[in-house]
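Enquirer: The structure is given below, and queries will be raised subsequently.
The values are calculated or read from the model by the stated rules, or taken from the named source; none is laboratory data. In this text, all values refer to a predicted model and were calculated from it rather than measured experimentally. Here Cβ is always computed from backbone atoms with ideal geometry, including for glycine, and neighbour counts include all displayed protein chains. SASA here: full protein model, heavy atoms, side chains in, ligands and nucleic acids out. Shrake-Rupley method; radii C 1.70, N 1.55, O 1.52, S 1.80 Å.
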Amino acid sequence: MSLEEILLFALGAVAVIVAVRWVTEKTGLPAAVLLTLIGIAYAYLPGPNLELEPELVLTFILPPLLYNAALDSSLLDIRRNMRTVISLSVALVLVTALLIGLGFSLWVAGATLAAGVALGAAVAPPDPVAALAVGRKAGLPSKMVTLISGEGLLNDATALTILTVAVTAHSRGDFNFDNAVGQFVISASGGVLVGVAVAYAVRFLKALRSDPLNANALSLITPLAAYLICENAFVHHYVTISGVLAVVVAGLIVGHDTPRYTTGASRLQTSAVWRLIDFLLEGLVFLLIGQQVPKVIDGLAKYETSTIVIALTITLGVVLLLRPLWLMVTQWMPRSLHTRLGGQIDDDDNDDAREVPLTGKEVAIMSWAGTRGVITLAAIFTLPAGFPDRELLHFCAISVVLVTLVGQGLTFAPLVRRLGLRANQTDRARERNEARSAAVRAALDRLDDIQEQQHDNVEDEAIETMRQQLEVRLDRYRRRLDLLEQGGSSEVPISPQYEAALMVRQAVIDAEREELLRWRDAARLGDDSLRVLNRELDHEELILPKRGSTGH
């Protein structure tokens, strides 16, 4: 493709991504599914087509997506659910890869164990993007969101490490289990260490993060730096380290530290930049997935139909059946085994710590959240030329992506609604308002400390003015908490007074904006000053909850 064709393709892709977002907002259909189907349709039309370049995806697309997901995740929540996350992101991925590998070596004509394990590693890790996009809209409980996102963050590293082991085994002519386990442990441990080191280096540069532009630049290069440290040729000459895991670990720690080491302005701007990057990269990825279908199908001409059917049946059977079976078995195991394989321990009462397994509804949701996506295709397309049954492995991988992405993606939201597994919005609103009240009380205590220090009358007036404003806010939060206590429902009760206050405040901000525009149009206010004043109003509007929302 020429430079002009690439530019036209990029402009068209952005236009499609924006249009699909508009459609999903109107219809509720998953954007990932629509974009994939559009990519398939476009692939059969005449015109320029982009091929999936695995190195490009693994280096420039996957690290930013994983890093942003890690920034938005909760390190504390993942740590509390670590057993379940490890069970799904490590143990289940390993078992999936081995079962598909054994199935291929036993029943697919001419297939080797290494080829089957490579395919199993590629199709094992679910891509949580589609499931979380739907789940958050459907109001999934925070525990479910944590498990899905935590699994999606860590399983990519497991899968790519297993794939590397399988490719190495093929090149050496054997698949040694002991060597594979040793290589996996070294790769994962190295990735964790590099991720921690990168995160602490970012923490060391906290002085730079006070400036929004510096904070943005540092945030954008962090995932690429973590990945490239692990994947550069010099390091690979001595040891194989998981760059994906390094990116995830760095993102979790940096996201945990961000409220402490950055300014409000830096956080607002960095968050906006990452939302845009995430939106465009995710859209491009799903378009690219669809466009690979014709090329993959063309590569099947040399295989017998029976071979294709058997390979596809084994792959889909393991992927679709093993996940729910694994979730059920690990939840129903005896306490000692269940704790190792994914149980969560409720230690709120230290005298009687008890196990809290997933409920039947939660198992159903987690089972159906196993959509595959970009990591599966990026991984399988990294297989070197000459790898046994490469074209067949490509076809099985993309079939798994399409079946799970379209089948589970379209039915995930109806399943969530049918099961009625929704977050308790009242508890969430109560938690937020209790925290707001505690923050205001801390501010009032700080004012008392300031007042005890030496100061003049002007400072006395400033302190009293601020105290009155804080007391008004504290009173408002107390009234909201009283309303929540009286509601007796899982949904946040609507307060007419609160809704009216939001309406009035929004109307006042709109009036201020209109007046500023009149001043600008009358040449009484410069555009630079208009932008500054509008930004002040934008920040004020940003903290207003949407009317009728659960932002109470």
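Enquirer: With a ≥ b ≥ c the root eigenvalues of the C-alpha gyration tensor of segment 1-139, is it rounded (a/c under 1.5), prolate (a/b larger than b/c) or oblate?
Expert: Note, shape of segment 1-139 comes out oblate.
Enquirer: Just check segment 102-158 against the gyration tensor rule for me: Cα atoms, a ≥ b ≥ c as the square roots of the eigenvalues, rounded for a/c under 1.5, and otherwise prolate or oblate depending on whether a/b exceeds b/c. Don't jump to the answer; show the numbers that get you there.
Expert: On the way: a/c = 4.31, a/b = 3.10, b/c = 1.39.
Since a/c reaches 1.5 and a/b is larger than b/c, the shape of segment 102-158 is classed as prolate.
Enquirer: Kindly provide the pair-distance distribution of the chain built from C-alpha pairs, with 10 Å bins from 0 and whole-percent values in order of increasing distance.
Expert: Each 10 Å bin holds this share of Cα pairs: 3, 15, 24, 26, 17, 9, 5, 1, 0, 0.
Enquirer: On a 0 to 90° scale, report how tilted helix 390-402 is relative to the longest principal axis of the chain, with both axes built from alpha carbons and the result rounded to the nearest 10.
Expert: 40 degrees
Enquirer: Using every Cα-Cα pair within segment 202-277, state what percent have a distance larger than 15 Å. Don't skip to the answer; put the middle values down first.
Expert: Details: 1633 of 2850 pairs.
So the pairs more than 15 Å apart make up 57 percent of the total in segment 202-277.
Enquirer: Pop out the ³J(HN,Hα) list for segment 262-267 in order, Karplus 6.51 cos²θ - 1.76 cosθ + 1.60 with θ = phi - 60°, rounded to Hz; leave Gly and Pro as x.
Expert: 10, 7, x, 5, 5, 5
Enquirer: Let me ask another. How much accessible surface does LEU525 have with a 1.4 Å probe, in Å² rounded to 10?
Expert: Estimated to the nearest 10 Å², LEU525 gives 30 Å².
Enquirer: Taking square-rooted eigenvalues a ≥ b ≥ c of the alpha carbon gyration tensor, is segment 1-73 rounded, prolate or oblate, where a/c under 1.5 means rounded and, failing that, a/b exceeding b/c means prolate? Could the numbers behind the result be given before it?
Expert: Numbers: a/c = 2.02, a/b = 1.11, b/c = 1.82.
Oblate is the answer for segment 1-73, as a/c is 1.5 or above yet b/c matches or exceeds a/b.
Enquirer: Ok, one more. How large is the dipole of the chain about the Cα centre if only Lys and Arg carry +1 and Asp and Glu carry -1, each at its Cβ, rounded to the nearest 20 debye?
Expert: Values: 48 positive and 59 negative charges, 262 e Å.
It comes to approximately 1260 debye.
Enquirer: Based solely on its DSSP helices, what 222 nm [θ] is calculated for the chain when runs of n ≥ 4 H residues each add -39,500 (n - 2.57) and the sum is averaged over all residues, nearest 500 deg cm²/dmol?
Expert: Values: 25 runs with 410 residues, N = 552.
Result for the chain, helices only: -24500 deg cm²/dmol.
Enquirer: Follow-up question, since we're still on this one. Nearest 10 degrees, 0 to 90: what angle lies between the long axis of helix 3-27 and the longest principal axis of the chain (Cα atoms)?
Expert: 70 degrees
Enquirer: What lysines could a cross-link reach from LYS361, if we take a straight Cα to Cα line under 22 Å and drop same-chain neighbours fewer than 8 places away?
Expert: Hits, sequence-local ones excluded: LYS137, LYS143.
Enquirer: Order the peptides 249-257, 113-121, 510-518 from the highest to the lowest mean number of other Cβ atoms within 10 Å of their residues. Numbers along the way, then the final one.
Expert: Values: 249-257: 23.3, 113-121: 28.3, 510-518: 12.9.
Going by the mean number of other Cβ atoms within 10 Å, highest first, we get 113-121, 249-257, 510-518.
Enquirer: Ignoring ligands and nucleic acids, what accessible area does LEU3 show with a 1.4 Å probe (Å², nearest 10)?
Expert: That residue has around 150 Å² of solvent-accessible surface.
Enquirer: For segment 508-523, just list the computed ³J(HN,Hα) in residue order, Karplus coefficients 6.51, -1.76 and 1.60, θ = phi - 60°, integers in Hz, with x standing in for Gly and Pro.
Expert: Each residue of segment 508-523 in turn: 5, 4, 4, 5, 5, 4, 4, 5, 4, 5, 4, 5, 5, 5, 8, 6 Hz.
Enquirer: Shifting gears a bit: I'd like to know how segment 351-442 sits against the 2.2 N^0.38 Å rule of thumb: what's its Cα Rg over that expected value?
Expert: This ratio for segment 351-442 stands at 1.76.
Enquirer: Please report the net charge: other residues with Cβ closer than 14 Å to the Cβ of VAL145, K and R +1, D and E -1. Please list the in-between numbers first.
Expert: On the way: positive: ARG80, ARG136, LYS137, LYS143, ARG422, ARG428; negative: ASP72, ASP77, GLU151, GLU362.
Residues close to VAL145 contribute a combined charge of +2.
Enquirer: Treating the beta-carbon of each Lys and Arg as +1 and of each Asp and Glu as -1, no other charges, what is the dipole magnitude of segment 412-472 about its Cα centre, to the nearest 20 debye?
Expert: Numbers: 10 positive and 13 negative charges, 258 e Å.
The calculation lands at about 1240 debye.
Enquirer: Suppose all protein chains stay in the model; what accessible area per residue would a 1.4 Å probe give for segment 402-474, in Å²?
Expert: Details: 4600 Å² over 73 residues.
With all protein chains present, segment 402-474 gives 63 Å² per residue.
Enquirer: Just to confirm the number: angle between the C-alpha axis of helix 177-204 and the first principal axis of the chain, 0 to 90 degrees, nearest 10?
Expert: Around 20 degrees separate the two axes.
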